[in-house]
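Visitor: Starting off with a structure, shown below.
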Ligand SMILES: [Zn+2]
């Protein structure tokens, strides 16, 4: 949230969109309900209460203009405005609308993102997403929904990787159509999502001068560390999503060189069961892919989108140094830490 040392003059500011102003009896209002930032102001004059309440519904007007309309004293306006700025409730009135790709110009996403970061009401975060690139490999139900979620959230470029045919089991989640069955997944998904998100850039190959910011790989039954050798050597963050028998495991979200990698995960699994490498070989050779069940698919796609966007937005994903396990019937993600394995050369211990 905003710090007191950088509080701008409140006159140029407006109340942050998405922050409700609630009456708590005479002379007292509450801003927000989230325990991370909600604020109670008490000892307010009637005019000040009316000013703050009106500011929540006239967010196009600056706090100063609304204060003048409600005849709030200048000194009190500055005093209260500084407090609100210090607590992250004020944002600058935008001089121009940033170029964002999120659905509806970010109207649904920006107020929420603006509550998390002091970034001008979420629009700066959305504008940054518009120049980011994400790869999605494995385009069954989970990968297809993930690509749609990332486009909705305003990611600029999505690279789709999967030339296997669309299966009837891929249908029913709003991505593929019946007529896509039997045709190549990446091409059909690009056609379907390209029509829904025309300003998003869709591609199927990378260029050396425009490498991905993150790659998500949806894998059947098991993930092999060799899959990520190139991404590791190029330092590209990546997230495996592994579809099991009645579960999906996301992670670890690998930040190469700083968090546990997929080889670390396998080394830990081998420490726990020396037969694990043999099982991996057999699992990788099984002919039939596990079904991407409805609840597991939508949950995994949403969780994967959350991990990718957290990274793009500059925060550490929950699956960095951990795996998120979702099992049926609960369908609740459980986090299990994954430390860097001492025998794996992927991370350098801090000196
Ligand atoms: Zn490792």
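Visitor: So, in Å, what gap is there between the alpha-carbon centers of segment 244-265 and segment 58-137?
Guide: Value for the Cα centre distance between the two parts: 35 Å.
Visitor: Under a plain spin-label model, where a point goes 7 Å from the Cα along Cα-to-Cβ, how far apart in nm are residue 331 and residue 163?
Guide: Inter-label distance under the simple model: 3.5 nm.
Visitor: For q values of 0.09, 0.11 Å⁻¹, compute log₁₀ I(q)/I(0) with the Debye formula on a Cα-only model of the chain, without solvent.
Guide: Results for the chain at q = 0.09, 0.11 Å⁻¹ read -0.61, -0.82.
Visitor: Shifting gears a bit: Please compute, over every Cα-Cα pair in segment 80-176, the percentage with a separation greater than 21 angstrom. Please list the in-between numbers first.
Guide: Values: 2159 of 4656 pairs.
Counting every Cα pair in segment 80-176, those more than 21 Å apart make up 46 percent.
Visitor: Enumerate the residues in segment 292-328 having an amide nitrogen under 19 Å from the point lying 7 Å beyond the Cα of residue 339 toward its Cβ.
Guide: Label zone hits: 319-324.
Visitor: Using alpha-carbon pairs under 8 Å, 6+ residues apart, how would you state the relative contact order of the chain in percent?
Guide: RCO, the chain: 13 percent.
Visitor: Could I ask something else about it? Would you look at the GNM of the chain, springs on alpha carbons closer than 10 Å, and say which of 165, 252, 329 moves the most?
Guide: Among 165, 252, 329, the largest GNM mean-square fluctuation belongs to 329.
Visitor: Considering only C-alpha atoms, what is the centroid distance from segment 197-232 to segment 313-339, in Å?
Guide: About 20 Å separates the Cα centre of segment 197-232 from the one of segment 313-339.
Visitor: If you fit an axis through the alpha-carbon atoms of helix 74-86 and take the longest principal axis of the Cα set of the chain, what angle between them do you get, 0 to 90°, nearest 10?
Guide: It works out to around 10 degrees.
Visitor: Hey, what angle do you get for helix 276-285 against the long axis of the chain, alpha-carbon based, 0 to 90 degrees rounded to 10?
Guide: 80 degrees
Visitor: What's the extension gain from residue 46 to residue 58 if we count 0.36 nm per residue and subtract their Cα-Cα distance? Write down the numbers at each step before the final one.
Guide: Values: separation 12, 0.36 × 12 = 4.32 nm, distance 1.81 nm.
Stretched fully, the residue 46-residue 58 segment lengthens by 2.5 nm.
Visitor: Can you check how the C-alpha radius of gyration of segment 196-351 compares to 2.2 N^0.38 Å, as a plain ratio? Walk me through the intermediate numbers first.
Guide: Working: Rg = 15.9 Å, N = 156, 2.2 N^0.38 = 15.0 Å.
Normalised Rg, Cα atoms only: 1.06.
Visitor: How far, in nm, would the chain grow between residue 199 and residue 36 when pulled straight, counting 0.36 nm per residue and subtracting the alpha carbon separation?
Guide: Computed gain between residue 199 and residue 36 is 55.2 nm.
Visitor: Among 139, 312, 230, which one shows the highest mean-square fluctuation when the chain is modelled as a Gaussian network with alpha-carbon springs under 10 Å?
Guide: 230
Visitor: Can you pull the Kirkwood radius for segment 4-92, inverse mean 1/r over Cα pairs, to one decimal in Å?
Guide: The Cα-based Kirkwood calculation yields 12.7 Å.
Visitor: Could you tell me, in Å, what Rg and Dmax come out for the Cα atoms of segment 285-351?
Guide: Values for segment 285-351 (Cα only, Rg and Dmax): 15.3, 47 Å.
Visitor: Be a star and scan segment 109-142 for residues whose amide nitrogen sits under 12 Å from the point 7 Å along the Cα-to-Cβ vector of residue 103.
Guide: Zone members listed by number: 109.
Visitor: Compute the angle between helix 141-152 and the longest alpha-carbon principal axis of the chain, please, reported from 0 to 90 degrees and rounded to the nearest 10.
Guide: 30 degrees
Visitor: Okay, moving on. Please work out the Cα center distance from segment 266-298 to segment 14-34, rounded to the nearest Å.
Guide: Distance between centres, Cα-based: 50 Å.
Laboratory data are not the source of any read-out in this text; all were calculated from the coordinates shown. Just so it is clear, the structure is predicted and the values come from calculations on it, not from any experiment. Note that each Cβ is placed from the backbone with ideal geometry, even for glycine, and that neighbours are counted across all protein chains shown.
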